[in-house]
Amino acid sequence: MKCDELKRRFAEYNDGALPDDLCAEVERHLAGCPPCADLDRDLQDLQRLCRESPRPCLPEDARKRIERLLQGGED
Amino acid sequence: MLAEEGDRLYALALRVTRDGDLAADAVHDAFAAALEGLGEFRGEARLSTWLYRIVYRKAIDLLRRRGREQPLEEADEAALAAEDGGGRAAAWARPPDELLLGAESRQALERALQELSPQQRAVFELREVEQRPTEEVAEVLGIPAGTVRVYLHRARLKLRERLSPHFRGGRTR
């Protein structure tokens, strides 16, 4: 597998949607290609950054408004 | 249900609209619409998927009605990037190397996300942040699963380009 093909397959690879034989080819390529390995590491870092970021909370006034709505008392 | 889903729905709406008031309105309007249409919920989808879909549509509608995308206010940006306030992992609980991906990286991420379309941001929020299955994200947005993968991949590449100094590959280049 060459870099161009890896880039085409990367979305499916990351999504676990690639057949096993192609996955193995991607992994062989990553093991021997520093620029593609950098890409893979950076995308893992991006994923970690996103998943460790705090989720914003629904503001309290909005929560109360929705609670009133669900109890049939508003809007 | 509100306690469990409220924050997740708000996070999606905020990611799409990038405006706290619009996002809260989108969640409120979505619950109102869900109450009215509860009879139409056939149970084929999960309730959370159904609510996500309604919130996504409401957020897009509100954004369109406003007419244009607004930049995220600094306060909202800081709130999104904050270390505390319901965060999933306390900064002090992580080893020093991981602190490189700290508040500064999160602020850079929020800025970079502004460059994505609302639809790409929704895909990113649901798939990358919330880790919902691709098929569910496709159902929420009403697009094919392959398109979800393409949107996500393009979003990741664009964000990587903007954030590479914060990442391991970028630090060694």
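The values are calculated or read from the model by the stated rules, or taken from the named source; none is laboratory data. Since the model is a prediction, treat every value here as computed from it, not as a measurement. Backbone-built Cβ (ideal geometry, glycine too); neighbour counts: all protein chains shown.
A compact table of results
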{"item": "Members of the range A:9-26 found to be in a helix (DSSP H, G or I) and either of a type in the set (Gly, Ala, Ser) or exposed (fewer than 13 other Cβ atoms within 10 Å of the Cβ) (or both), listed by number", "result": "A:ALA11, A:ASP20, A:ASP21, A:ALA24"}
{"item": "The lone exception for A:HIS29 - which of (1) surrounded by 20 or more Cβ atoms within 10 Å (Cβ to Cβ); (2) away from chain B (no Cβ under 11 Å); (3) over 21 Å from the mean Cα position of the chain (by Cα) it fails", "result": "(1)"}
{"item": "Unique match (being more than 22 Å from B:GLN114 (Cα to Cα), modelled with pLDDT of 90 or more and more than 7 Å from every other protein chain (Cβ to nearest Cβ)) among B:GLU139, B:GLU130", "result": "B:GLU139"}
{"item": "Residues that are under 19 Å from B:PHE124 (Cα atoms) and out of contact with any helix residue (DSSP H, G or I) (no Cβ under 8 Å at 6 or more places or on another chain), drawn from the range A:9-33", "result": "A:GLY16"}
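Condition check ((1) loosely packed, with under 15 Cβ neighbours inside 10 Å; (2) modelled with pLDDT of 50 or more; (3) more than 9 Å from chain A (Cβ to nearest Cβ)) across all residues:
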site: B:ARG57; (1), (2), (3): no, yes, yes
site: B:LEU62; (1), (2), (3): no, yes, yes
site: B:ALA82; (1), (2), (3): no, no, no
site: B:ARG106; (1), (2), (3): no, yes, no
